[in-house]
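The values are calculated or read from the model by the stated rules, or taken from the named source; none is laboratory data. Since the structure is predicted, the reported quantities are computational estimates derived from the model, not experimental observations. Backbone-built Cβ (ideal geometry, glycine too); neighbour counts: all protein chains shown.
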Amino acid sequence: MMPVQDIFTVAAVTLGSLFFLAGTVGLLRFPDTLTRLHALTKADNLGLGLVVLGLLPQVSSPLGWIGLIAVWLLALLAGATVGQLVAGAVRPPDGTPAQRGNPPA
Amino acid sequence: MSEATLFGLCGAALVGLGLYGLICHPGALRKILAFNLIGSGVFLLFGIVARRGAASGFGGDPVPQALVITGLVVAFAATALAVALVLRLAQTSGRTGLDPERPGQPEGTRRTES
Amino acid sequence: MSLTAPVDLGLALLLLGLAVWVIAASATYRAAEGFIAYGLVLALVWVRLGSVDVALTEAALGSGLTGLLLLRAAARLPPADPAERARPAKGVRVLAGLLCAVVTAGLAAVVLLLPEPAPTLAPAAAASLPATGVGNPVTGVLLAYRAVDTLGESIVLVLALIGLWSLAPDAAWGGRPGALTTAPAGSALRFLAQVLPPFGILVGIHLLWVGADHPGGKFQGATVLAAMWVLVIIAGLRRPPPVTSRATRWLVVVGSLIFVGIGAAGIWLAEAFLAYPDGLAKPLILAIEAALTLSVAVILGLLLAGPPEAERPTERRS
């Protein structure tokens with residue numbers, strides 16, 4: 001019988017991986033860039049948060065906890081910024097047509 | 001099969017794939033990508049030599065690891081220089097590849113420097 | 001071991017699949033995207049092989065900075081005309097495939113026939129590590145046992161930068177590098193470039209400091225610092241320095257100069273080039289690392305910024 005922390009870790013990481021899987025299915029199956037962005041950013045952030053939550057009991061020092069949570073926050077920040085940039089390239093906020101030469105979605 | 005052997009075979013396959021891309025792609029930037037693939041395959045071969053040398057409480061022999069780190073940095077510098085050369089070639093002659101122009105083809109657009 | 005075998009197999013298959021994508025993708029931009037993902041999976045493979053320092057370097061430099069370089073180049077290149085894009089004839093491709101299969105088979109044979117038990121320098125490295133004062137054996141190799149390699153590498157970086165700058169057209173000499181275009185004002189990128197660099201600089205210095213005893217080191221730290229600088233330039237908050245700027249040139253060479261200086265001092269104080277006197281090894285190593293981190297960060301940023309371009313009256317971006 002594994003200790004409680006290990007069971008919690010396995011459960012949280014598995015749940016997080018399921019969210020990542022859902023996000024990837026959304027990336028592959030949604031019709032256009034904006035909906036795919038939605039799937040990627042929402043599902044991946046939640047998935048990463050669950051994985052980090054699952055890993056917290058495995059680390060004993062408070063500095064390690066801060067490090068893990070910092071990883072999650074930085075990934076959130078990066079994901080939010082990139083989501084804004086990609087969405088802005090597809091549909092610019094001021095209504096001008098999307099720039100030529102941008103990569104296809 | 002230990003993980004060292006598995007990833008060593010992976011590295012061998014990467015060198016082969018990169019070599020194929022280097023030979024068969026007409027564009028210079030694709031060749032640079034393929035060359036980086038070859039480089040990473042070679043570094044993986046160093047890495048498995050390091051893994052198999054694990055002893056004295058270390059996870060791997062540190063000397064090949066240090067060689068790979070040096071190699072990665074130098075490979076980046078070489079890639080930066082190669083990419084700049086490709087961009088300059090495109091700026092001065094409009095071509096993105098190194099194949100000689102065949103006779104009867106229109107010359108690539110020439111852009112003069114301002 | 002049996003529990004991790006499926007993970008290793010999955011990683012290897014993913015790696016090979018991404019490599020096939022990089023080779024087989026039709027658009028160069030797609031291939032560059034695939035290369036970034038390939039680099040990150042490769043970093044995971046390096047962790048599985050127990051080389052965490054190499055994994056950090058691969059993720060930061062091999063995947064991150066190289067990917068940025070290739071993506072920008074793919075976006076800036078003009079589309080090739082169809083005659084130029086013609087692949088070689090079928091016969092050539094079959095021959096090339098055969099050649100590559102032979103090369104792969106040869107390397108695979110080398111891998112499978114490696115001597116058992118494996119020769120290793122780990123005991124020799126471990127025996128002398130306490131004298132250097134560092135706990136991370138890779139840092140010990142890089143800065144103590146094979147310091148001359150690291151010195152050569154830092155000089156190679158300076159030479160690569162000189163080669164890059166020499167590609168500028170004559171009229172553009174003295175201008176600022178132009179390969180990093182700026183984003184329009186008010187975009188999310190400006191916000192990121194204002195919020196992230198303080199943390200990024202902390203992380204970079206931490207990577208440098210912790211590399212003495214744990215995985216990390218100056219190249220990884222320098223890459224993070226360079227990435228923060230490049231982020232600030234791309235967001236338009238700062239312009240890259242002109243190539244004639246003396247301060248930038250001093251920053252570029254100070255790492256190599258201090259390295260050579262300490263090495264030459266070793267000839268008098270410790271009987272050999274790059275030998276450290278007893279008891280002074282750790283402070284000297286830290287001094288070299290600090291100077292090199294600064295120089296390498298500046299050089300990496302300038303390598304990404306590209307050759308100088310002539311100043312134009314209106315800021316252009318198509």
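So which of B:LEU89, B:LEU72 ends up being under 24 Å from C:THR66 (Cα atoms), at the interface with chain C (Cβ under 7 Å from one of its Cβ atoms) and in contact (Cβ under 8 Å) with a residue 24 or more places away in the chain?
B:LEU72
Being surrounded by 15 or more Cβ atoms within 10 Å (Cβ to Cβ) and assigned to a loop (DSSP other than H, G, I, E, B) is the filter here, so list the residues in the range C:238-250 that pass it.
C:PRO240, C:PRO241, C:VAL243
Please verify whether B:ILE48 is in contact (Cβ under 8 Å) with a residue 24 or more places away in the chain and either farther than 22 Å from C:ILE36 by Cα or among the β-branched types (Val, Ile, Thr) (or both), treating the condition exactly as stated.
Against the criterion (in contact (Cβ under 8 Å) with a residue 24 or more places away in the chain and either farther than 22 Å from C:ILE36 by Cα or among the β-branched types (Val, Ile, Thr) (or both)), B:ILE48 qualifies.
When you go through C:LEU56, C:LEU65, C:LEU9, C:LEU16 one by one, which is the residue that is assigned to a helix (DSSP H, G or I), buried (at least 20 other Cβ atoms within 10 Å of the Cβ) and within 8 Å of another protein chain (Cβ to nearest Cβ)? Let's see the steps before the verdict.
Details: C:LEU56 fails: within 8 Å of another protein chain (Cβ to nearest Cβ); C:LEU9 fails: buried (at least 20 other Cβ atoms within 10 Å of the Cβ); C:LEU16 fails: buried (at least 20 other Cβ atoms within 10 Å of the Cβ).
Only one candidate qualifies: C:LEU65.
State whether the residues of the range C:42-63 include one that is acidic (Asp, Glu) and either modelled with pLDDT of 85 or more or in contact with a Cys (Cβ under 7 Å, 6 or more places away or on another chain) (or both).
yes
Name the pairs whose Cβ atoms lie under 8 Å apart, with the first residue in the range B:1-30 and polar (S, T, N, Q), the second modelled with pLDDT of 90 or more and crowded, with 23+ Cβ neighbours inside 10 Å, and 6 or more positions between them or separate chains?
Here the result reads B:THR5/B:ILE48, each pair linking the range B:1-30 to a residue that is modelled with pLDDT of 90 or more and crowded, with 23+ Cβ neighbours inside 10 Å.
Quick check on my filter: what residues within the range C:19-28 are more than 10 Å from chain B (Cβ to nearest Cβ) and assigned to a helix (DSSP H, G or I)?
Within the range C:19-28, just C:TRP21 meets the criteria.
Return the residues of the range C:24-40 that are surrounded by fewer than 20 Cβ atoms within 10 Å (Cβ to Cβ) and aliphatic (A, V, I, L, M); say none if nothing qualifies.
If the condition is that a residue be surrounded by fewer than 20 Cβ atoms within 10 Å (Cβ to Cβ) and aliphatic (A, V, I, L, M), then C:ALA24, C:ALA25, C:ALA27, C:ILE36, C:ALA37, C:LEU40 are the ones that fit.
If B:PHE58 passes every condition in (1) part of a helix (DSSP H, G or I); (2) surrounded by 20 or more Cβ atoms within 10 Å (Cβ to Cβ); (3) at the interface with chain C (Cβ under 7 Å from one of its Cβ atoms) but one, which one does it miss?
For B:PHE58, the failing item is (1).
Go through the range C:58-74 residue by residue and tally those that are over 17 Å from C:LEU15 (Cβ atoms) and under 10 Å from the mean Cα position of the chain (by Cα).
Residues that pass the stated criteria total 4.
Contact list please: Cβ distance under 8 Å, first residue in the range C:169-198 and in contact (Cβ under 8 Å) with a residue 40 or more places away in the chain and facing chain A (nearest Cβ under 10 Å), second residue hydroxyl-bearing (Ser, Thr, Tyr) and crowded, with 17+ Cβ neighbours inside 10 Å, pairs at least six apart or on different chains.
Correct list of pairs: C:LEU189/A:THR81; C:LEU192/A:THR81.
Which residue, of C:ALA160, C:ALA144, C:ALA124, C:ALA222, is at pLDDT 90 or above, among the small types (Gly, Ala, Ser), farther than 27 Å from A:LEU85 by Cα and in a helix (DSSP H, G or I)?
Exactly one residue qualifies, and that residue is C:ALA160.
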